[in-house]
Amino acid sequence: NPCLTTRAKMLWDDENLYFAGYLEEPNIYAHLAKNDTIICRESDFEIFIDVDSDARKYIEIEFNAIGTIWDIMYEKELDKGALPKSFAWVPGSEPWDVEGMRLAVRADGSVNYPYDIDEGWMFECSIPWKTLEATNLSGRPLARNGTAMRVNFSRVQFNIRDQWPIEDWTPVRGVDWLWSPMLTYRAHITECFGRVILSDRSVLRAKDTALEAAFPFVQPPSPPKKPKV
């Protein structure tokens, strides 16, 4: 079970899809400062978006505590042979960015100083619907009441050795916590992403029970029985 708190929320209007989150972190660190590098080689937060739930043209956005971004577009699931866009070190991979995305990150503590206790870091992100529409193969408009899409959140958490100044950035160990359980250690099984349904009710109004009941919850598989000794 995760030992650190992670919280995320979503909102939408006619122009954008919004994300915000808070990550409890007693030792904030980040040293990857070049966009479109492999941000998940250190602690980060990740957003996965498949707007039409078809496992095609889905988006992954990774960023660390200093706001360095790696945004990727997958023509199909990563493990099924597609060449992702924005893998700059792979021959043939095209550059790609989430056009119009805005990201703000704030650290509540000292970054890259291991000998105090930090509170955590937070982010706010907005993505224009017109950018997401370019990945929509369903033909249905996205920014409307009742739209369902696949979304997942991932928190990659690494530790590093206590040292000052920090000279060795090699991770000691890492874990990956996801919002929706994947049932296996793979973050790219899109049918296991969470379902997000857009409602035109504001967060201060009554619950939209009809939309909340649009998809029934599926019970997890039973654990295997231990063999008799």
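Descriptive notes on the structure:
- Remark: C-alpha extents of the stretch 126-183 on the principal axes read 53, 28, 18 Å, sorted largest to smallest.
- Heavy-atom accessible area, probed at 1.4 angstrom with all protein chains present, ranks 54, 44 as 54, 44, highest first.
- Taking all protein chains as shown and a probe of 1.4 angstrom, residue 170 keeps an accessible surface of around 70 Å².
- Solvent-accessible ranking of 90, 218, largest area first, probe 1.4 Å: 218, 90
- Look at where the Cα atoms of the stretch 88-120 and of the stretch 25-41 average out, and the two centres are 6 Å apart.
- Total charge dipole magnitude, the stretch 72-136, about the Cα centre, Cβ charges on Lys, Arg, Asp, Glu only, Debye to nearest 20: 280 debye
- Near residue 208, once Lys and Arg are set to +1 and Asp and Glu to -1 for all other residues with Cβ below 15 Å from its Cβ, the sum equals +3.
- Protection proxy ranking of 23-31, 75-83 - average other beta-carbon atoms within 10 Å, highest first: 23-31, 75-83
- Point-charge dipole on Cβ atoms (K/R +1, D/E -1) for the chain, about Cα centre, debye to 20: 1060 debye
- Reference-scaled alpha-carbon Rg (2.2 N^0.38 Å with N residues) for the stretch 143-226: 1.63
- Surface share of carbon and sulfur [accessible, 1.4 angstrom probe, percent] for the chain: 53 percent
- Mean accessible surface per residue for the chain, computed with a 1.4 Å probe while every protein chain stays in place, in Å²: 59 Å²
- Placing unit charges on each Cβ (+1 for Lys and Arg, -1 for Asp and Glu) gives the chain a dipole about its Cα centre, and among 204, 74, 193 the Cα reaching farthest toward its positive end belongs to 193.
- A probe of 1.4 angstrom, applied to the heavy atoms of all protein chains, finds residue 98 with accessible area near 10 square angstrom.
The values are calculated or read from the model by the stated rules, or taken from the named source; none is laboratory data. The model shown is predicted, which means the values in this text are computed figures rather than measured ones. Positions of Cβ are backbone-derived with ideal geometry, glycine not excepted, and every protein chain shown enters the neighbour counts. All accessible areas refer to the heavy atoms of the entire protein, side chains included, with ligands and DNA or RNA removed. Shrake-Rupley method; radii C 1.70, N 1.55, O 1.52, S 1.80 Å.
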